[in-house]
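So the structure is just underneath, and the comments pick up after that.
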Amino acid sequence: MTFSEINIPDILPQQPPFVMIDTLLHVDARITRTSFRISDDSLFCDDGQLTEPGVVENIAQTCAARMGYINKYVNDDTVKLGFIGSLRNMEVHRRPTIGETLVTQIDVQEEIFGMTLVNATVRVGDEIVATSEMKISITNIERRENE
């Protein structure tokens, strides 16, 4: 199975219409990349642009996709719920617009006691549109399949 064959809702605790990534592009021990084409029906769009909270959610869901992939396809386990523990040094250089595709990369800096610290970069093409540090807490709570 290739990453592009993965059904994203299968590895995320979030479900439509709240899903803010389309495709898992890459996962290894340190780096995860996803893509997301911004559509006019996105919950986080305002005046033709993805809002800052939408960018944050895209980063968080990239983290969730990493853990969902690891849980489901590496550990043969279930998708677990996670929470944003902190967001630091967030810089949104510009708000992406409807029709653009985000490529979001997280780089794991540290994992300890169920907490994962990542550096995130969000690009449209070669342009960096946002960066941040995010700390995610992973719980042992399983996603309910009907959500």
**Prompt:** Residue check: is THR32 over 20 Å from SER4 (Cα atoms), open to solvent by less than 60 Å² (accessible area, probe 1.4 Å) and assigned to a strand (DSSP E or B)?
**Reply:** no
**Prompt:** In region 98-120, is there at least one residue being buried (at least 19 other Cβ atoms within 10 Å of the Cβ) and of a type in the set (Gly, Ala, Ser)?
**Reply:** yes
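Let's see how each residue does on (1) in contact with a helix residue (DSSP H, G or I) (Cβ under 8 Å, 6 or more places away or on another chain); (2) of a type in the set (Val, Ile, Thr):
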position	(1), (2)
ASP10	yes, no
GLN15	yes, no
THR23	yes, yes
ASP28	no, no
ILE31	no, yes
ASP46	no, no
CYS63	no, no
ARG66	no, no
**Complete set of residues in region 1-40 that are more than 18 Å from THR101 (Cα to Cα) and among the acidic types (Asp, Glu)** = GLU5, ASP10, ASP28
**Message:** Only one of SER4, SER86 is free of Cβ contacts under 8 Å to residues at least 60 places away in the same chain, in a helix (DSSP H, G or I) and either within 22 Å of ASN140 (Cα to Cα) or open to solvent by 80 Å² or more (accessible area, probe 1.4 Å) (or both). Can you tell me which?
**Reply:** SER4
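The values are calculated or read from the model by the stated rules, or taken from the named source; none is laboratory data. The model shown is predicted, which means the values in this text are computed figures rather than measured ones. Ideal geometry is used to build each Cβ from the backbone, glycine not excepted, and the neighbour counts take in all protein chains shown. Side chains included, ligands, DNA and RNA excluded: accessible areas come from the protein's heavy atoms. Shrake-Rupley method; radii C 1.70, N 1.55, O 1.52, S 1.80 Å.
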